[in-house]
Amino acid sequence: MKEIVFLRNNISKWQRAEQVVEDTFWHTPDELADLYSDVAADLSFAQTHYPDSRITLYLNNLASALHNEIYKNKREKWSRLITFWTREVPQTMWEARRLLLVSLIISVVSALIGMVSQLADPDYCRIILGDYYVDMTLDNIARGEPMAVYDGEGETGMFLGITLNNVMVSFRMFALGMLTSVGTAWSLFQNLDMLGCFMTFFYQHDLLWQSFLAVFLHGTLEISAIIIAGAAGLALGNGILFPGTYSRMVSFRRGARRGLKIVVGTVPVFIVAGFIEGFVTRHTEIHDGVRLTIILASLAFVLYYFVWLPRKVRKK
């Protein structure tokens, strides 16, 4: 049988299988088992006659998805806790790599807007950061303690408060995807515009290097996680805007699953960032070399886990 004939004879069945995979709640286990048997048989035929075809790869993925749905209620092994972080999150990041790039571009542009706006109008920071925060920072600069804002409360309380706030910010950014991708993009703009304005404010007071070491000591992880959470929100929003061959509801659910897995993957990053901000950032007396090493190590981890490892897992 020619490949095109094989495709034409079975495409409707495979499309139905895709829809079943995305919404198994309304289908009985027997229906799933029968559909899995049919797809597995088609896969066996394709492996025999078209071993290097894209159809074979497609059917292999479809059969695997059906198999996972059939056995998803089976008691998970403890190793799932490991494979979730070592395989599932990286795999999802690979699938969302374009969304991550879009989130990064939005963030960079937003930060640049904040920088240019602050350079053009020195009072722009008062609009973005508020009069109280700006006046407090100016007082700290006058006293020779420009980073005293990070020493305003107890270490443990600050760690818990910052971590909880950052996690809530990431989940809110994800949830804003339900307003389409525009909601998430706006949240990204607000956060990164504030960062650009903040750093430019210290630049205007000849404190750029000192502020860089203090902010990015914890901010390398924190800001990276915000950008990654932005990709999660975009995944949710794009599921609504661009359903493709799926119904809009099925596409929304696909985007929600992918986005939720991404945003959960940022939680440990926020915890570590909160720990650094609560316990380490306040100690500005730490040697610059040590702080710069922590910044570079944080950046290396982000690039490894969210960029390089997904590519490696995908190849496997």
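Side notes on the structure shown:
- Rounded percent of accessible protein surface that carbon and sulfur make up, the chain, 1.4 Å probe: 63
- Length released on extending from His283 to Glu18, taking residue separation times 0.36 nm less the Cα-Cα span: 90.0 nm
- Per-residue ellipticity at 222 nm from helix content only, as computed over the chain with -39500 (n - 2.57) for each DSSP H run of at least four residues, stands at -25500 deg cm²/dmol.
- Cα-centred dipole magnitude for the chain, charges only on beta-carbon of K, R (+1) and D, E (-1), debye, nearest 20: 1600
- Hull volume in cubic angstrom per residue (convex hull over the Cα atoms of segment 1-64): 74
- Signed unit charges on C-beta, dipole axis of the chain, positive-most listed residue Leu59, Tyr305, Asn140: Leu59
- Assigned charges on the beta-carbon of Lys, Arg, Asp, Glu; segment 106-261 dipole about Cα centre (debye): 1400
- Largest first, the residues Trp186, Trp94 sort by 1.4 Å accessible area into Trp186, Trp94.
- Whether segment 201-277 is rounded, prolate or oblate, judged on the alpha carbon gyration tensor where a/c under 1.5 counts as rounded: oblate
- Note on segment 186-283: dipole from Cβ charges, positive end direction compared against Gly265, Leu208, Gln190; the farthest Cα belongs to Gly265.
- For the chain, the longest principal axis of the C-alpha atoms and the axis of helix 97-120 are separated by about 20°.
- For segment 189-256 versus segment 44-60, the gap between their alpha-carbon centres in whole angstrom: 40
- Within a Gaussian network of the chain (alpha carbon springs, distance under 10 Å), most fluctuating of Ile70, Ile295, Ile226: Ile70
- Shape category assigned to segment 150-227 from the gyration tensor of Cα positions, a/c cut at 1.5: oblate
- For segment 151-220, the per residue solvent-accessible surface stands at 46 Å², with DNA, RNA and ligands left out and a 1.4 Å probe.
- Approximate spin-label separation Trp186-Leu101, in nm, with each point projected 7 Å along Cα-to-Cβ: 2.8
- Positive-end ranking of Pro29, Val149, Gly230 along the dipole of the chain, with charges on Cβ about the Cα centre, is headed by Pro29.
- Cα gyration tensor category, rounded, prolate or oblate, for segment 98-208 with a/c compared to 1.5: oblate
- Folded to 0 to 90 degrees: helix 54-70 orientation relative to the chain principal axis, Cα: 80
- Taken along its three principal axes, the alpha carbon spread of segment 251-305 comes to 51, 22, 11 Å, from the longest extent down to the shortest.
- Distance between modelled label sites at Val307 and Met194, nm, 7 Å Cα→Cβ extension: 2.5
- Unit charges on C-beta of K, R, D, E only; dipole of segment 104-166, Debye: 240
- Each residue of segment 257-268 was assigned a 3J(HN,Hα) from its phi angle through the Karplus expression (A = 6.51, B = -1.76, C = 1.60, θ = phi - 60°), giving 5, 5, x, 5, 5, 5, 5, 5, x, 8, 4, x Hz with x at Gly and Pro.
- Checking (i) 22.3; (ii) 19.7; (iii) 15.6 against the coordinates, the calculated mean projected area of the Cα convex hull in nm² falls under label (ii).
- Counting Lys and Arg as +1 and Asp and Glu as -1 over every other residue whose Cβ lies under 13 Å from the Cβ of Ile228, the net charge comes to +2.
- Under a Gaussian network description of the chain, with springs only between Cα atoms under 10 Å, the residue in Pro51, Pro243, Pro122 that fluctuates furthest is Pro51.
- Listed values for segment 162-172 are Karplus-derived 3J(HN,Hα) couplings in whole Hz (6.51 cos²θ - 1.76 cosθ + 1.60, θ = phi - 60°), namely 5, 4, 4, 5, 5, 5, 5, 4, 5, 5, 5, and x replaces Gly and Pro.
The values are calculated or read from the model by the stated rules, or taken from the named source; none is laboratory data. The structure displayed is predicted, hence computed values, not measured ones. Positions of Cβ are backbone-derived with ideal geometry, glycine not excepted, and every protein chain shown enters the neighbour counts. Areas reflect the complete protein model, heavy atoms only, side chains present, ligands, DNA and RNA absent. Shrake-Rupley method; radii C 1.70, N 1.55, O 1.52, S 1.80 Å.
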